[in-house]
Amino acid sequence: MSFEKTTVINTELIEKEEIKEELVSIINDLEEIGYEPLKQLVAYLVSGDPGYISSHKDARNRILKYKREDILEILLTDFINKKWFI
C-alpha cells in the first residue's frame, strides 16, 4: 500500500447524493400508501411544518435529518443544470 498520494473525498457531493436517494425513498414510501408526495413535499418545504410528511415508514423523521435549505438547493441545482426551464 502506498501512502504517497492523498485521496480527497468530496463529502459535500456524498451528502447531496445521500439526500437525493433519501428523497426518492420517501417519495416511494408515500406513494405506496396513496399519498401525493409532491404536494406533501412542497407543503413541508414551504412551511417548515413536518406534519405535512407522513410518518409511514418513518418518512417524517428521515426527511428531518436534512435542512430544508439543502433539499431546496439540490432540487433547484438539478433543475437549473438540466435546463428544464428553457
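The values are calculated or read from the model by the stated rules, or taken from the named source; none is laboratory data. Small disclaimer: the values here were computed from a predicted structure and weren't measured. Counting neighbours? That spans all protein chains shown, and the Cβs are built from the backbone with ideal geometry, glycine included.
Name the single residue that is surrounded by the most Cβ atoms within 10 Å (Cβ to Cβ) among those in the range 49-73 being over 24 Å from Gly34 (Cβ atoms) and among the basic types (Lys, Arg).
The extreme case among them is Arg68.
Could you name every one of the helices (runs of 4 or more DSSP H) located completely within the range 1-74 that has at least 3 residues being modelled with pLDDT under 95 and in contact with a Leu (Cβ under 6 Å, 6 or more places away or on another chain)?
Helices (runs of 4 or more DSSP H) meeting the threshold: none at all.
What number of residues within the range 75-86 satisfy the criterion of being surrounded by 10 or more Cβ atoms within 10 Å (Cβ to Cβ) and either modelled with pLDDT under 85 or under 15 Å from Glu22 (Cβ atoms) (or both)?
2
Output the residues belonging to the range 29-48 that are under 19 Å from Ile74 (Cα atoms), surrounded by 12 or more Cβ atoms within 10 Å (Cβ to Cβ) and touching a Lys or Arg at 6+ places or on another chain (Cβ under 9 Å).
Listed by number, the residues that qualify are Tyr44, Leu45.
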